[in-house]
Amino acid sequence: MNSVAIIGAGVTGLTAAFYLKRAGVPVTVFEAGPRAGGVIQSLRRDGFLAEFGPNTLLETSPKIAWLIRDAGLESRKLATDPAAEARYVARYRQPIEMPGSPAGFFATRLFTVRAKLAVLREPFVKPRRDGVEESIAEFVVRRFNQEFLDHAVDALVAGIYAGDPHKLSLPHAFPKLKALEDNYGSMIKGQIFGARDRKKSGEVAKDRAPKFSFDEGLQVLPDTLAAQLGGSLKLNSPVAKLTQSDNGWRVVTENGELEFTAVIYCGTAYRLAKLEIEAGRAAWPRRPLDIFSEISYPPVASVVLGFRREDVAHPCQGFGMLIPKIEGFKILGTIFSSALFPNRAPAGHLTLTSYIGGARYPELALLPPEQLVEATLADLRVLLGVRGKPVFTQTVIYPRAIPQYNVGYGKYRQRLNDLEAAAPGLFFAGHYRDGVSLGDSIVSGVNIAERVAKIFQRLMPAADTATK
Ligand SMILES: Cc1cc2nc3c(=O)[nH]c(=O)nc-3n(C[C@H](O)[C@H](O)[C@H](O)COP(=O)(O)OP(=O)(O)OC[C@H]3O[C@@H](n4cnc5c(N)ncnc54)[C@H](O)[C@@H]3O)c2cc1C
């Protein structure tokens, strides 16, 4: 009987397990930690709902909607408040609303006339076709200008990757931007003319995708998927070694060994580097997983603070604010969590979720909790007019938060392809391969389940739906 071992009970592994099980394939999920969900972590306390990892799920692909429907979670879904669309970027040491229309762009104080002229010039900048892999910073300066990088893109990059724009690879970290230049010769032209192509493919641009969470936070999703697995989810079971056997793979944990037809690795890149693999094939390279230890995962601290409404001068009606490095604050940005969803704070209060650290200031993320709160408060006093003390505080440190798809990331993806080709029955999926957002991880989980199920020649429910 074909069976699959899944390593890692983050959202990728749980999604893959869910769809394989629905296709009738027996699965066992091994999770190193004591809980399911990976970086997703929601906490309800004192009337506040704190979200430490991802806050919202962007519905950029129909596969995300399938999972929510198939897991029976549609009634627990909470869409973000349509009135909370405004996004702010700090400039002149205050949050300024990002323009939402061409007219707004030309009127905004966020950019000088010089940056606005750079945008008008962009459709006439020749596309680069020499195949050289650029950083996102090089790309933005080439197509727009330095101000656009320092005052906008640097902040957006901090919001997505907690990363350094001078290191992040354009084709690996921002493939859609690269495709706009490749296909339309310009970002602006691509934005205008690409809408039709996106509609055809069913993909939705990130800025237009519906955003949502669940009544009790994003943790509802992994909890629901984990509950459906029952005893097939093995917590506190780090996988230390994989050995290729005649019929597939032996999975070695502290509790013993089990044999499976196939294995899907849905963990992190830094733990992949520590995995021991014994493959019975001559073509297998020596220590093939070592290179994954080179992938940088800078630490990020999430600082969730609850305030009395009257203690915050800013209305905080919007998605949140992003802070470019040039503005000199410690926080990378703040999500206005209680403006997004109705039940994140008790009546008369608001919840603000801020992030510290990342590639910008990795050492700050590791400060003790009281210093993280103090540093966040100092910035929020200036930026949002916060007064007095928070009535709710909770911090969580992710010592290794988000993988940086830096220039040269292609060699890691190539190694994963090579390993899959050299070791039949071994597969890789998740945030270190298929994109770092929560939505990317779900799509990665659906796709890998589909691939493996096809190999087992079974028709998956999700694949079936896709063809209707
Ligand atoms: C602070 C933070 C904020 C974020 N905000 C957003 C956001 O707002 N929107 C968004 O779309 N995305 C956001 N993301 C990204 C998104 O949450 C992740 O990309 C996604 O959840 C990754 O899921 P995953 O299953 O691939 O990996 P993970 O969640 O990392 O799960 C991997 C699991 O594998 C386990 N594991 C690893 N090795 C082994 C082993 N050898 N044996 C057994 N188990 C193992 C780990 O213990 C872990 O539980 C954020 C991430 C962080 C850290």
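The values are calculated or read from the model by the stated rules, or taken from the named source; none is laboratory data. Owing to the predicted nature of the structure, the values given are computational and were not obtained by experimental measurement. As a convention, Cβ positions derive from the backbone with ideal geometry for all residues, glycine included, and neighbour counts pool all protein chains shown. Surface accessibility is based on the protein's heavy atoms, side chains included, excluding ligands, DNA and RNA. Shrake-Rupley method; radii C 1.70, N 1.55, O 1.52, S 1.80 Å.
Which of (1) farther than 22 Å from Ile192 by Cβ; (2) away from the ligand (no atom under 16 Å from the Cβ); (3) of a type in the set (Ser, Thr, Tyr) does Tyr161 not meet, given it meets every other one?
(2)
Pairs needed: first member in the range 295-314, in contact (Cβ under 8 Å) with a residue 12 or more places away in the chain; second member anywhere, assigned to a loop (DSSP other than H, G, I, E, B) and hydroxyl-bearing (Ser, Thr, Tyr); C-beta distance under 7 Å; at least 6 residues apart or different chains.
Close Cβ pairs (under 7 Å, with a partner that is assigned to a loop (DSSP other than H, G, I, E, B) and hydroxyl-bearing (Ser, Thr, Tyr)) amount to Ile295/Tyr432.
For the range 256-272, enumerate the residues that are part of a loop (DSSP other than H, G, I, E, B) and either open to solvent by less than 20 Å² (accessible area, probe 1.4 Å) or away from the ligand (no atom under 12 Å from the Cβ) (or both).
Just the residues of the range 256-272 that are part of a loop (DSSP other than H, G, I, E, B), to begin with: 261, 266-268.
Listed by number, the residues that qualify are Thr261, Cys266, Gly267.
Could you list, in sequence order, all residues of the range 1-43 that are in contact with a helix residue (DSSP H, G or I) (Cβ under 6 Å, 6 or more places away or on another chain) and not aliphatic (A, V, I, L, M)?
Thr12, Thr15, Phe18, Tyr19, Arg22, Thr28, Gly37
Within the range 1-32, how many residues turn out to be more than 10 Å from the ligand (Cβ to nearest atom), touching a Lys or Arg at 6+ places or on another chain (Cβ under 9 Å) and part of a loop (DSSP other than H, G, I, E, B)?
4
What single numbered condition from (1) touching a residue at least 12 places away in the same chain (Cβ under 8 Å); (2) within 14 Å of the ligand (Cβ to nearest atom); (3) within 30 Å of Ser61 (Cα to Cα) fails to hold for Gly435?
Of everything listed in (1) touching a residue at least 12 places away in the same chain (Cβ under 8 Å); (2) within 14 Å of the ligand (Cβ to nearest atom); (3) within 30 Å of Ser61 (Cα to Cα), Gly435 misses just condition (1).
Need a quick list: strands (runs of 3 or more DSSP E) entirely within the range 295-402 having at least 1 residues that are farther than 24 Å from Lys211 by Cα and more than 16 Å from the ligand (Cβ to nearest atom).
Values: elements: 300-308, 320-322, 331-335, 349-357, 392-398.
Passing ranges, in order: 300-308, 392-398.
Would the range 207-229 turn up any residue that is closer than 30 Å to Gly47 by Cα, free of Cβ contacts under 8 Å to residues at least 24 places away in the same chain and in a helix (DSSP H, G or I)?
Among the residues of the range 207-229, at least one is closer than 30 Å to Gly47 by Cα, free of Cβ contacts under 8 Å to residues at least 24 places away in the same chain and in a helix (DSSP H, G or I), which makes the answer yes.
Which members of the range 390-421 meet the condition of being under 21 Å from the mean Cα position of the chain (by Cα) and of a type in the set (A, V, I, L, M, F, W, C)?
Val396, Ile397, Ala401, Ile402, Val407, Leu416
Tell me the residue from Arg87, Arg91, Arg44, Arg35 that is within 27 Å of Phe148 (Cα to Cα), open to solvent by 60 Å² or more (accessible area, probe 1.4 Å) and either within 16 Å of the ligand (Cβ to nearest atom) or in contact (Cβ under 8 Å) with a residue 12 or more places away in the chain (or both), please. Quick ask: steps written out before the conclusion?
Values: Arg91 fails: open to solvent by 60 Å² or more (accessible area, probe 1.4 Å); Arg44 fails: within 27 Å of Phe148 (Cα to Cα); Arg35 fails: within 27 Å of Phe148 (Cα to Cα).
Exactly one residue qualifies, and that residue is Arg87.
Just to verify a result, which residue in the range 315-374, among those that are free of Cβ contacts under 8 Å to residues at least 40 places away in the same chain and under 21 Å from the mean Cα position of the chain (by Cα), is most open to solvent (accessible area, probe 1.4 Å)?
So the residue we want is Tyr361.
Among the residues of the range 426-462, count how many are open to solvent by less than 20 Å² (accessible area, probe 1.4 Å) and modelled with pLDDT of 95 or more.
Initial filter on the range 426-462 (open to solvent by less than 20 Å² (accessible area, probe 1.4 Å)): 426-430, 432, 435, 439, 441-442, 444-446, 448-449, 452-453, 460, 462.
From what is left, the residues that are modelled with pLDDT of 95 or more are 426-430, 432, 435, 439, 441-442, 444-446, 448-449, 452.
Qualifying residue count, the range 426-462: 16.
From the list Thr80, Thr12, Thr28, which one is within 30 Å of Arg109 (Cα to Cα) and touching a residue at least 24 places away in the same chain (Cβ under 8 Å)?
Thr80 is the lone residue from the list that is within 30 Å of Arg109 (Cα to Cα) and touching a residue at least 24 places away in the same chain (Cβ under 8 Å).
Output the number of residues of the range 33-62 satisfying the condition of being within 16 Å of the chain's Cα centre (by Cα) and either more than 14 Å from Gly217 (Cβ to Cβ) or assigned to a loop (DSSP other than H, G, I, E, B) (or both). I'd like the intermediate steps shown before the answer.
Of the residues in the range 33-62, the ones within 16 Å of the chain's Cα centre (by Cα) are 37-42, 51-61.
Pick out the ones that are also either more than 14 Å from Gly217 (Cβ to Cβ) or assigned to a loop (DSSP other than H, G, I, E, B) (or both) and you get 37-41, 52-56, 58-61.
Number of matching residues: 14.
Inspect all residues belonging to the range 208-226 and state whether any of them is in contact with a Gly (Cβ under 7 Å, 6 or more places away or on another chain), near the ligand (Cβ under 10 Å from one of its atoms) and at pLDDT 95 or above.
Yes, that holds for at least one residue.
For the range 375-411, enumerate the residues that are farther than 20 Å from Gln94 by Cα, hydrophobic (A, V, I, L, M, F, W, C) and open to solvent by 40 Å² or more (accessible area, probe 1.4 Å).
Let us first name the residues in the range 375-411 that are farther than 20 Å from Gln94 by Cα, namely 389-411.
Then keep just the ones that are hydrophobic (A, V, I, L, M, F, W, C); that gives 391-392, 396-397, 401-402, 407.
Selection gives Val391, Ile397, Ile402, Val407.
Of all the residues that make up the range 239-252, how many are within 10 Å of the ligand (Cβ to nearest atom) and crowded, with 18+ Cβ neighbours inside 10 Å? Show your work before the answer.
Residues of the range 239-252 that are within 10 Å of the ligand (Cβ to nearest atom), as a first pass: 239-242, 251.
Those left that are additionally crowded, with 18+ Cβ neighbours inside 10 Å: 239, 242, 251.
Number of matching residues: 3.
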